[in-house]
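Taking it in order: structure first as structure tokens, then the write-up.
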């Protein structure tokens, strides 16, 4: 059984290799071997084998070389027969139309006119926006010089592209900057208020401590004047000794 499987595998591989090595042809009824190519100008070329290649080219194999010819130059019906030649001609014409469409300019004259109209409309809109913002050419030139000094070439390009948008964004940037500064000052003020409250509490504690020291000293002196012993006076005045 193993030998039979091996023989079958060899036969399948040989058949597959024969199919792969056949020349490319999109026609089913073409003759097995075409040895001549007839051209529209009346000339004829002999080949070992001829067939339709990719992109509607007619390939002539001659002495081991592959010579491609355009299907537009070949008399296809005379070379491949009426049926197959007509099919090849239709494929060639379809591919030719596709190439012509691809070679046509993407932007038509109508598109150019529409783009010009839109550009003029944008320029008028920009001019009205600049006028509303009270931005003159002198202001634009001054801003450009200031940006050049700081080597801010990206902002210069933004300014040249659309001055109205640039100054609007600049105003927004300033507004954001001032908002951040106000927020920072508010945080600083809040921290200062917290520190002030802490200092006030420390002052109150210090006042209480000074007051208790004074009361203790007064109590101790009065006790000693009455002829009491120091240890007795310390115990008596200990309620003020809490600093």
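The values are calculated or read from the model by the stated rules, or taken from the named source; none is laboratory data. Because the structure is a prediction, the values reported are computed rather than measured. Counting neighbours? That spans all protein chains shown, and the Cβs are built from the backbone with ideal geometry, glycine included.
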- Members of the range 70-97 found to be surrounded by fewer than 20 Cβ atoms within 10 Å (Cβ to Cβ) and not in a helix (DSSP H, G or I), listed by number: 70, 75, 81
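Condition check ((1) over 60 Å from the mean Cα position of the chain (by Cα); (2) loosely packed, with under 10 Cβ neighbours inside 10 Å; (3) at pLDDT 85 or above; (4) over 30 Å from residue 234 (Cβ atoms)) across all residues:
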{"residue": "182", "(1), (2), (3), (4)": "no, no, no, yes"}
{"residue": "185", "(1), (2), (3), (4)": "no, no, no, yes"}
{"residue": "190", "(1), (2), (3), (4)": "no, no, yes, yes"}
{"residue": "194", "(1), (2), (3), (4)": "no, no, yes, yes"}
{"residue": "199", "(1), (2), (3), (4)": "no, no, yes, yes"}
{"residue": "204", "(1), (2), (3), (4)": "yes, no, yes, no"}
{"residue": "218", "(1), (2), (3), (4)": "yes, no, yes, no"}
{"residue": "221", "(1), (2), (3), (4)": "yes, no, yes, no"}
- Looking at 86, 62, 78, which is the one that is farther than 19 Å from residue 33 by Cβ, modelled with pLDDT of 85 or more and more than 49 Å from the chain's Cα centre (by Cα)? 86
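For the range 59-98, give me each residue that is touching a strand residue (DSSP E or B) at 6+ places or on another chain (Cβ under 7 Å) and farther than 12 Å from residue 40 by Cβ.
Taking the range 59-98 first, the residues touching a strand residue (DSSP E or B) at 6+ places or on another chain (Cβ under 7 Å) are 59-61, 66-71, 73-75, 78-79, 88.
Hits for the range 59-98 are 59, 60, 61, 66, 67, 68, 88.
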- Item | Residue list for the range 39-69, restricted to those being out of contact with any helix residue (DSSP H, G or I) (no Cβ under 7 Å at 6 or more places or on another chain), surrounded by fewer than 18 Cβ atoms within 10 Å (Cβ to Cβ) and not in a strand (DSSP E or B) | 41, 42, 43, 48, 54, 63, 64
- Message: Considering only residues that are surrounded by 12 or more Cβ atoms within 10 Å (Cβ to Cβ) and either touching a strand residue (DSSP E or B) at 6+ places or on another chain (Cβ under 8 Å) or assigned to a helix (DSSP H, G or I) (or both), which ones fall in the range 223-234?
- Response: 223, 224, 232, 233, 234
